[in-house]
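First comes the structure, then the notes that go with it.
What follows is calculated from the coordinates using simple rules that are stated; it is not laboratory data. Computed from a predicted model, the values in this text were never measured in an experiment. Here the Cβ positions follow ideal geometry from the backbone for every residue, glycine too, while neighbour counts run over all protein chains shown.
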Amino acid sequence: MTDECRFGSPLLFAREEGEGEELSNAERLNPPSAVACAVPSAPSCVARNPLRTADTTTAVVFAMRMLMLALLMLVPVSLFGAFKSSSVPQVSGYKAVRVRYGPMNKMIIPVTINGQPANLLVDTGSNQIILDADAASSFGIRPSQRALRYIRFTRINGQLLPVGFAQSLNAGGMNFSGGPVMLRNSFHSNARNSGVDGLLGLDILARYDAIINCRTKVVFFKIDQTRRLNLSSVALAEKFTRIPLRREQNGALTVPCSIHGEAVRLVVDTGAFVTILHEPLLRSLGIPSEPTRLSAYFATGAPKHISAARISDLKIGDFMVPREEFGVIALPHFSLREGSTETGGILGMDTLYICHAIIDLEGMNLFLK
């Protein structure tokens, strides 16, 4: 535990401007079938949005797409495909735990902490388990009085987070045992109201070689270290494209991508509700953007307005992402610098879901189709 620990997702949640305003029918939250290829048998990532009309602007389409993705209703599934049974899928040597999607694309895993029920955000953008301090207190977790009491997170401008100790942490039939947790004095009020008590980060996910199926609401944790799945051959048969993951010096997961032939890397962040690209990068490539009514809050607490840009040639590895609208923000420096690597943005849950992403932390691959 050092000053180099990386704190959570820079995009904590989104809000729509004009709090308290009545939304039009087109802007209300809806199931994602209209825009996110929700039918498993449908061709991957090619469904046309029936709400899109000839006079719909990029910004309006983007805002509607983000709002509709907020209520994801998925069917039970196995490692790669759909399950007809409602039972949890079984893979030898792994324990499968179901997750659900909350508002603004939050992948939530129900857990018990010290025997108390809680909800954690599955967050590959965080290196640690981080709990809301008030929620942690209700679980009987308080700042440790031991010698190592604080951890300095330079990723959020040197903010000091106290350390507590959880006696037990369980999810489904998975026992993660006890261990240190970071305590944050409060997540933003909207995040608390969403019912999320904290973040389940890469310390647990990587330790158990997790396989995260973003499309199918199942996370597989490895319990038999003698077992090793070769997902690449299966993925090829299922017409997935394999993209190598890289763990940066500060722990961030990144993948190669290109826009207009310009090579950059994106942070793979399941805690980010939407894919965000760095505005100066797009401007340098001559890609225009339009404002939306959405904002994002970063770890520093400062809100930033999200614009939207339509991009037709975004490639992640060898995978061509379907022509879509993506979020655009002038990202703060701490979101762009991942160790010694300069990144160009954040690969968020909207794109991961639409493209059937499977994050394999054992083989260090991202599979898309």
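From GLU325, GLU262, GLU279, which residue is acidic (Asp, Glu) and under 19 Å from the mean Cα position of the chain (by Cα)? Don't jump to the end; show me each part of the working.
On the way: GLU262 fails: under 19 Å from the mean Cα position of the chain (by Cα); GLU279 fails: under 19 Å from the mean Cα position of the chain (by Cα).
That would be GLU325, the only listed residue that is acidic (Asp, Glu) and under 19 Å from the mean Cα position of the chain (by Cα).
Out of the strands (runs of 3 or more DSSP E) lying entirely within segment 259-369, which hold 1 or more residues that are surrounded by fewer than 19 Cβ atoms within 10 Å (Cβ to Cβ)?
Numbers: elements: 262-268, 276-278, 290-297, 303-311, 324-329, 345-347, 358-360, 365-368.
Result: 262-268, 290-297, 303-311.
Can you spot a residue in segment 126-137 that is in contact with a strand residue (DSSP E or B) (Cβ under 8 Å, 6 or more places away or on another chain), touching a residue at least 24 places away in the same chain (Cβ under 8 Å), closer than 11 Å to ALA171 by Cβ and crowded, with 17+ Cβ neighbours inside 10 Å? Don't jump to the end; show me each part of the working.
If we filter segment 126-137 for residues that are in contact with a strand residue (DSSP E or B) (Cβ under 8 Å, 6 or more places away or on another chain), which is where we start, we get 126, 128-133, 135-136.
Still in the running and touching a residue at least 24 places away in the same chain (Cβ under 8 Å): 126, 128-133, 135-136.
Adding the requirement that they be closer than 11 Å to ALA171 by Cβ leaves none.
Within segment 126-137, not a single residue is in contact with a strand residue (DSSP E or B) (Cβ under 8 Å, 6 or more places away or on another chain), touching a residue at least 24 places away in the same chain (Cβ under 8 Å), closer than 11 Å to ALA171 by Cβ and crowded, with 17+ Cβ neighbours inside 10 Å.
For the list (1) buried (at least 16 other Cβ atoms within 10 Å of the Cβ); (2) in contact with an Asp or Glu (Cβ under 9 Å, 6 or more places away or on another chain); (3) polar (S, T, N, Q), I need the number of the one condition that GLN249 fails.
(1)
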